[in-house]
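Beneath this line is the structure, given in structure tokens, with notes to follow.
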Amino acid sequence: MIFNRTAFIERIDKKSDWDVIIIGGGATGLGTAVDAASRGYSTLLLEQSDFAKGTSSRSTKLVHGGVRYLAQGDIALVYEALHERGLLLKNAAHLVKDQDFIIPCYSWFSKYKYLIGLKFYDLLAGKSGFKNRLFYLLIRFYKQFQV
């Protein structure tokens, strides 16, 4: 289908009842619209500019628990973020997935800093966490990921 703004506006004018109306066609708005439409709801998505314009520069699209805030000592914020992440995992598991990250450690101090910090992070997450972090020695890393 070729985009024809006039035709789309005429379709909107003819229909007065919508099951779902979403204002904002960024990453969240688009995802919500696709989900609603795929469930059979008549869905109207309104966007001021172009769909998903600028969303990559404004959002990482990561659902996280705030490791950076843990390093800053804001434990209450990290706990709250981890709780919210757990609710997303429970209520929208089809939208949330675990993502592995590789954090290079160049000293024994940084290795233990991350080891202790991320273990504490896992404890804060409790049952609402994804999985425990893995620590690879460089040789094991090369074998595991065939780098």
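The values are calculated or read from the model by the stated rules, or taken from the named source; none is laboratory data. Keep in mind the model is a prediction, meaning the values are calculated, not measured. When we count neighbours, we look across all protein chains shown, and the Cβ atoms used for this are built from the backbone with ideal geometry, even at glycine. Protein only, heavy atoms only, side chains kept; ligands, DNA and RNA dropped before computing areas. Shrake-Rupley method; radii C 1.70, N 1.55, O 1.52, S 1.80 Å.
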Which of the residues belonging to segment 84-101 are assigned to a loop (DSSP other than H, G, I, E, B) and exposed (fewer than 13 other Cβ atoms within 10 Å of the Cβ)?
92, 93, 94, 95, 97, 98, 99, 100, 101
Regarding residue 11, is this residue closer than 20 Å to residue 95 by Cβ, loosely packed, with under 12 Cβ neighbours inside 10 Å and modelled with pLDDT of 85 or more?
no
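Condition check ((1) in a helix (DSSP H, G or I); (2) open to solvent by 40 Å² or more (accessible area, probe 1.4 Å); (3) at pLDDT below 80; (4) touching a helix residue (DSSP H, G or I) at 6+ places or on another chain (Cβ under 9 Å)) across all residues:
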residue	(1), (2), (3), (4)
22	no, no, no, yes
73	no, yes, no, no
82	yes, no, no, yes
103	no, yes, yes, yes
111	yes, yes, no, no
121	yes, no, no, yes
124	yes, no, no, yes
